[in-house]
Amino acid sequence: MHGLSVYQIKAMLYGSRSLNYLTTYTRDSQVRTTALFILRLSRGISLSAHKLFDKSPQSHVTNGYQFLASFLQQNRLNKKPTKFQLCTALNCCAKTHNSLLGSQIHTKILNTGLDQNLYINSSLVNMYAKSGAILDAMRVFNGMEFHDQVSWTSIICGLSQNGQGKEAICLFKQMLKTQIIPNSFTYVSVISGCTDQESVSKCSELLHGHVIKLGHENNKYITSTLIDNYSKCGKIDKAVTLFEGSITKDDILLNSMISAYSHNLLGEDSLKLFIKMHKANVSLSQHALTSVLDACGALTVLQQGKQIHALVTKMGSDQNTFIIGALINMYSKCGNINEASHVFNQTVHKNNILWTSMMTSYAQNSKVVLTACNHSGLLEKGVYYFEKMRSDYNLAPEIDQYACLIDLYARKGDLESARKVFDEMPVDANAVMWSSFLSCCKEYGNVEYGREAAYKLFELEPDSPVPYLILGDIYGGAGLWNEVRNVRKLMEENGVRKCTAGWSWVEVDNEVHVFSVGDLCHVRSDEIYLELYKLSLEMLSEFKTFRPVILRACFNWAKAEGCILDMAALKASPCKLAHVWRLSLTEFSSDN
DNA sequence: GTAGGGTTAG
């Protein structure tokens with residue numbers, strides 16, 4: 001069942017009638033849903049077949065486009081649409097994120113005088129919110145005469161999904177002041193937007209309390225949202241309590257819990273739950289596979305990862321892009337770059353994220369500082385192993401291990417401890433260590449340590465513009481504009497070129513932006529750059545889009561190495577960050 | 001007779 005489209009499956013099924021075989025042996029939920037749909041349809045149970053098809057991930061695309069086509073045809077014939085049709089049309093626009101058509105329909109609604117219909121307005125709010133036009137959604141919402149549960153929930157959900165959780169909570173509070181009582185939909189919406197630290201500490205448990213008080217605690221949607229919410233803010237204990245207390249553990253609840261463990265670097269628990277789920281014959285979804293692969297990567301357990309990969313193939317999910325992304329990450333984190341690129345090459349439809357995953361893999365695997373501890377980001381564990389190595393095994397740590405320790409502390413923001421390691425080391429620190437320390441100083445805005453690290457680097461890497469630029473950034477972040485000017489002057493006095501292989505910078509509105517593949521890692525290998533460069537060219541020709549940060553770094557490298565740049569491919573790409581592109585283009589054109 | 005809102009993953 002590898003990568004079959006719905007249409008291929010349909011064709012196959014109508015021909016063979018071996019429906020039961022397919023539904024029994026296909027564990028890929030997407031394919032199975034489609035198969036069941038056809039099964040019921042073929043036996044004349046059309047109603048439940050349609051219900052099933054509605055749950056299928058492709059249904060909104062196929063059904064939606066069919067509906068919109070007939071809707072537009074009717075419009076061309078100047079037939080007046082009913083309010084029901086308008087609602088459905090808006091719903092289709094929402095599901096396909098088509099706000100352009102949606103706003104045209106909006107105009108039609110205003111012309112036909114249906115602009116105070118409650119259902120239509122809720123649909124409009126939802127349509128705008130789903131396609132990211134949250135301001136338009138707000139405008140419609142505010143223009144409504146009356147609000148009910150659905151319209152309130154639509155706007156709250158819209159804000160949540162557009163990353164405006166605080167505003168969602170704000171509106172939720174306003175809703176509580178009205179006569180309209182929130183229902184389970186509303187709670188799911190507001191809780192899922194509760195992601196920033198402040199909202200979490202103020203609201204998560206309060207909302208949970210509300211849910212219990214209103215008797216929604218057995219609602220599976222709410223429970224999985226709460227598990228997700230607790231896990232994302234590090235309260236894994238609460239998530240576990242919720243999970244264990246829930247009566248029916250359906251597949252989504254299990255998935256949420258597996259990814260909750262995975263998120264909290266509890267890969268072992270994640271794997272255990274997955275295996276338990278597998279043995280209990282709970283249908284394994286692609287979500288579960290993705291999370292558990294993530295856990296394998298974090299634990300760097302290649303054998304288990306390979307077993308899951310085998311399962312993926314058996315289930316016929318080996319063309320699901322989420323799973324492929326997770327496989328690439330897993331192999332990469334386990335240090336098996338060959339297998340990662342094999343998976344990538346076997347993929348028929350490569351999207352933007354997969355390309356980036358693949359490149360990050362190359363970057364990760366060329367990392368100077370490369371340890372399992374560093375990957376999982378477990379500071380305590382890393383320090384524990386570092387000490388254990390010294391005390392239990394009587395091994396003198398090598399410079400790379402010190403570098404790793406510095407990285408571990410600094411990335412967590414403990415710059416103080418990181419700085420101490422420099423002093424305690426028996427050998428002199430190298431440029432890589434000071435660079436990683438400097439980047440962390442920038443991230444945490446520490447001027448004092450940043451200055452020291454930068455000045456060390458001026459000595460260690462006299463030709464590199466990077467420490468100058470980063471120090472300038474740190475000063476700028478602290479509002480020390482005089483210092484910014486001084487750093488630039490110093491850079492000129494020392495005769496440092498603005499651009500070297502792998503590093504570049506642009507100046508936009510007086511702000512310096514440093515770009516490098518080294519943003520992903522400390523790459524020092526030319527072969528890796530060559531791979532990255534080849535990939536970026538391939539991706540440009542296929543997708544006409546690319547992450548500008550990586551692209552710039554690759555092209556700068558290519559330019560420094562004297563490669564002939566593919567200007568046509570570059571110009572054909574409508575990149576989102578136009579100013580970066582313009583700069584690249586003028587830079588490349590003037591050079592060539 | 002018919003309409004509008006929700007959960008998990010790379």
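Take segment A:123-140 and flag every residue that is under 25 Å from the mean Cα position of the chain (by Cα) and under 17 Å from A:A89 (Cα atoms). Give the steps one after another, and end with the answer.
Within segment A:123-140, the first condition is being under 25 Å from the mean Cα position of the chain (by Cα), and the residues that meet it are A:126-135, A:137.
Listed by number, the residues that qualify are A:N126, A:M127, A:Y128, A:A129, A:K130, A:S131, A:A137.
In this structure, does A:N218 turn out to be away from DNA strand B (no atom under 14 Å from the Cβ), of a type in the set (S, T, N, Q), open to solvent by 80 Å² or more (accessible area, probe 1.4 Å) and under 29 Å from A:K95 (Cα atoms)?
On the way: away from DNA strand B (no atom under 14 Å from the Cβ): no; of a type in the set (S, T, N, Q): yes; open to solvent by 80 Å² or more (accessible area, probe 1.4 Å): yes; under 29 Å from A:K95 (Cα atoms): yes.
No; evaluated as a whole, the condition is false for this residue.
Give me the residue from segment A:63-87 that is within 12 Å of DNA strand B (Cβ to nearest atom) and open to solvent by less than 60 Å² (accessible area, probe 1.4 Å) and, out of that set, farthest from A:V140 (Cα to Cα).
At the first step, the residues of segment A:63-87 found to be within 12 Å of DNA strand B (Cβ to nearest atom) are A:63-64, A:67, A:81-87.
Filter again for open to solvent by less than 60 Å² (accessible area, probe 1.4 Å), leaving A:63-64, A:67, A:81, A:85-87.
Numbers: A:N63: 26, A:G64: 23, A:F67: 24, A:P81: 20, A:Q85: 19, A:L86: 16, A:C87: 15 Å.
The selected residue is A:N63.
Counting just the residues of segment A:221-252 that are within 7 Å of DNA strand B (Cβ to nearest atom) and at pLDDT 90 or above, which one comes out most open to solvent (accessible area, probe 1.4 Å)?
Across segment A:221-252, the extreme among qualifying residues is A:Y221.
Kindly indicate the residue of segment A:272-299 that is away from DNA strand B (no atom under 11 Å from the Cβ), buried (at least 18 other Cβ atoms within 10 Å of the Cβ) and more than 24 Å from A:Q319 (Cβ to Cβ) and also modelled with the lowest pLDDT among those meeting that condition.
Only one residue fits best here, namely A:L299.
List the residue pairs whose Cβ atoms are under 8 Å apart, where the first residue sits in segment A:104-129 and is within 12 Å of DNA strand B (Cβ to nearest atom), the second is of a type in the set (K, R), and the two are 6 or more positions apart or on different chains.
Pairs found: A:L114/A:K83; A:N117/A:K83; A:Y119/A:K83; A:I120/A:K83.
I need the full set of residues from segment A:412-436 which are buried (at least 19 other Cβ atoms within 10 Å of the Cβ) and under 26 Å from the mean Cα position of the chain (by Cα), in order please.
Within segment A:412-436, A:S436 is the sole residue that qualifies.
Suppose the filter is farther than 14 Å from A:M144 by Cβ, touching a Lys or Arg at 6+ places or on another chain (Cβ under 6 Å) and not in a loop (DSSP other than H, G, I, E, B); does A:A89 pass it? Quick ask: steps written out before the conclusion?
On the way: farther than 14 Å from A:M144 by Cβ: yes; touching a Lys or Arg at 6+ places or on another chain (Cβ under 6 Å): no; not in a loop (DSSP other than H, G, I, E, B): yes.
No: the conditions fail for A:A89.
Pairs under 6 Å by beta carbon, first residue closer than 16 Å to A:S439 by Cα in segment A:457-470, partner of a type in the set (K, R) and part of a helix (DSSP H, G or I), six or more apart or different chains?
Pairs that qualify, where the first residue is closer than 16 Å to A:S439 by Cα and the partner is of a type in the set (K, R) and part of a helix (DSSP H, G or I), are A:I470/A:K442.
List the pairs whose first member sits in segment A:331-357 and is part of a helix (DSSP H, G or I), whose second member is among the hydroxyl-bearing types (S, T, Y) and modelled with pLDDT of 90 or more, and whose Cβ atoms are under 6 Å apart, counting only residues at least 6 apart or on separate chains?
A:E339/A:Y331; A:A340/A:Y331
Condition first: under 9 Å from A:G193 (Cα atoms), assigned to a helix (DSSP H, G or I) and open to solvent by 50 Å² or more (accessible area, probe 1.4 Å). Now tell me which residues in segment A:140-166 satisfy that.
Selection gives A:Q161, A:K166.
Looking only at helices (runs of 4 or more DSSP H) that fall completely inside segment A:185-302, which ones have 1 or more residues that are more than 25 Å from the chain's Cα centre (by Cα)?
Hits in segment A:185-302: A:205-213, A:236-245, A:267-279.
Of the residues in segment A:175-212, how many are open to solvent by 90 Å² or more (accessible area, probe 1.4 Å) and within 23 Å of A:R139 (Cβ to Cβ)?
Summing the residues that are open to solvent by 90 Å² or more (accessible area, probe 1.4 Å) and within 23 Å of A:R139 (Cβ to Cβ) in segment A:175-212 gives 2.
Here's the yes/no breakdown for (1) within 15 Å of DNA strand B (Cβ to nearest atom); (2) closer than 15 Å to A:I222 by Cα; (3) in contact (Cβ under 8 Å) with a residue 40 or more places away in the chain:
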residue	(1), (2), (3)
A:L176	yes, no, no
A:I180	yes, no, no
A:T186	yes, yes, no
A:V190	yes, yes, no
A:G193	yes, yes, no
A:E198	no, no, no
A:G209	no, yes, no
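Output the residues belonging to segment A:314-328 that are within 9 Å of DNA strand B (Cβ to nearest atom) and not in a helix (DSSP H, G or I).
Scanning segment A:314-328 gives A:S317, A:N320.
The values are calculated or read from the model by the stated rules, or taken from the named source; none is laboratory data. Just so you know, these numbers come straight off a predicted model, no measurement behind them. No Cβ is skipped: glycine too gets one built from the backbone with ideal geometry, and neighbour counts run over all protein chains shown. Ligands, DNA and RNA are excluded from the accessible area calculation, which covers all protein heavy atoms including side chains. Shrake-Rupley method; radii C 1.70, N 1.55, O 1.52, S 1.80 Å.
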